Amino acid sequence: MTASPRVFGIRNMPAMSARRPFAQQAGPGAQRFNEYGEAGRRSLAEPFRGITTDGDVVPGLFSVESTGVSTQAVLEAANAFLASLDPPQRDTATFGIDDEAWRAWSNIHPFVMRHGVALEDCTQSQRDHALDLVRATSSARGFELARNVMKLNDALREITGRHDEYGEWLYWLSIMGRPSPDQPWGWQIDGHHLVVNCFMLGDQLIMSPSFFGSEPTSVDSGKHAGTRVFEAEDQLGLEFVRALPAAEREIAIPPSTERVLRPQRMDGRIQAAAFRDNVQLPYAGLAASSLHPKLQEHLLELIELYVGRMRDGHARVKMAEVARHLPDTHFVWVGGIEDDSAFYYRIHSPVVLIEFDHLNGIAFDNDEPSRNHIHTVVRTPNGNDYGKDLLRQHYERHHRSA
């Protein structure tokens, strides 16, 4: 078994509100986050291309087609949520299907840029409808993970006493387009350590980018005692790299990390976090084509932990797509493989990008990465984050003269 997260002291840092725009805040640290927000806005001004290995999108990977998996429950949940809002809230919550709000998400807790309806400002009934939408789009364990991330954000409020920065309902929900059984639409939840973008076209569903993280990753006291996250992602990743034969492990764990990682200012070793929609990320590490079939199955099990956060039928559709591209899938690991090691790993194929990272403390005072702070990201490379490639094809098919 892997080591349990250690308990660290609370870091002394300037107050940073999650409730009002950081541009309106002053004091130590303000310049850093204002610069982060400005960099994000510059990124949003770039035309969306998608994550690629070399700047060129691989064509023909995605197609508009029926999955045979009903999205009726998602549609009904979205309409019920919208019906629960008063007119001003509804105006705040709704955006066009092409709106740049899709890309204006950020994992960090300070209010650098947020949009949509804040769940904190909703009634409990409205929150329940919002959660019903997340539940309808997720698997049981995916919904449980989302709720546990929110609860641990509240536990962080309890531990630090920073009530303006953390909380269970400091998340913003947006509806993109008009919920429809046959026209493109979607939704997004955005907040500290929880970002989910969900695009739907007919019975197709794309759930990316998604960002799940937490600091701390478990609590043993307080209102949310017993809440834990990412134990499976942590353990199965470690089991997989340990199962590799020595020669293949040497390929998976590069001797120099500079060619693999360019540390991001707010995101540790994660390469595809907020404002990185067009990042060029070459394949690195071990190609799955060189693995024994049993190890290929082991790798698919690890991938399914992440893909399986979406509703079961659509997760099976996505895993079939992942399996078709397994020979072109690469696995890279940075860090140790001991029980108490902190590490990063990446799974990267033409149709899925997964990153897992142990980070140093932000709220807590550990300066080295630990299991007390984890980030995970799931992306759809080659232009289909936010369902953008499906939306492009839909427009070409039905709105060519527009």
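Laboratory data are not the source of any read-out in this text; all were calculated from the coordinates shown. Note that this is a predicted model, so its numbers are computed, not measured. Glycine also receives a Cβ, built like all others from the backbone with ideal geometry; neighbour counts cover every protein chain displayed.
If each DSSP helix of 4+ residues adds -39,500 (n - 2.57) and the sum is divided by the residues in the chain, what number results at 222 nm, nearest 500 deg cm²/dmol? Don't skip to the answer; put the middle values down first.
Numbers: 10 runs with 130 residues, N = 402.
Only helices count here, giving -10000 deg cm²/dmol.
Relative contact order (percent) for the stretch 78-153, with alpha-carbon contacts under 8 angstrom and 6 or more residues of separation?
34
In percent, what relative contact order does the stretch 268-350 have, based on Cα pairs under 8 Å that are 6 or more apart in sequence?
In percent, rounded to a whole number, it is 31.
Taking a point 7 angstrom from the Cα of S66 along the C-beta vector, which residues in the stretch 183-218 have backbone N less than 14 Å away?
Under 14 Å, as judged by backbone N against the label point of S66, lie 202-204 of the stretch 183-218.
State the answer as a single residue: which of T376, N366, V334 lies farthest towards the positive end of the charge dipole of the stretch 307-402, with beta carbon charges of +1 for Lys and Arg and -1 for Asp and Glu, about the Cα centre.
Sorting the options by dipole projection puts first T376.
Which FRET efficiency, nearest 0.05, do Q280 and H163 yield, Cβ-Cβ r, R0 60 Å?
0.90
Could you give the dipole magnitude of the chain about its Cα centre, charging the beta-carbon of Lys and Arg +1 and that of Asp and Glu -1, in debye to the nearest 20?
420
Among R141, R20, R42, determine the one that fluctuates most according to a GNM of the chain built with springs between C-alpha atoms less than 10 Å apart.
R42
Alpha carbons only, please: Rg and Dmax for the chain, in angstrom.
Rg then Dmax for the chain, in Å: 20.3, 62.
Need the list of lysines near K223 for cross-linking: C-alpha distance under 19 angstrom, and skip anything on the same chain fewer than eight residues off.
Answer for K223, where 19 Å is the Cα cut-off: K151, listed by chain and number.
Please give the residues of the stretch 347-385, grouped as numeric ranges, whose backbone N is less than 20 Å from a label point set 7 Å along the Cα-to-Cβ vector of Y395.
380-385
Kirkwood-based Rg over Rh for the stretch 1-153 (C-alpha set), two decimals?
The Rg/Rh ratio comes out at 1.01.
What's the magnitude of the charge dipole for the stretch 70-168 around its Cα centre, counting Lys and Arg as +1 and Asp and Glu as -1 at the beta-carbon? Answer in Debye, nearest 20.
Approximately 320 debye in magnitude.
For the chain, what relative contact order do you get, as a whole percent, if you take Cα pairs closer than 8 Å and at least 6 residues apart?
Relative contact order comes out at 23 percent.
Check every DSSP H run in the chain and write down those whose alpha carbon atoms cover 27 angstrom or more along the long axis and whose mean Kyte-Doolittle hydropathy is -0.5 or greater.
140-160
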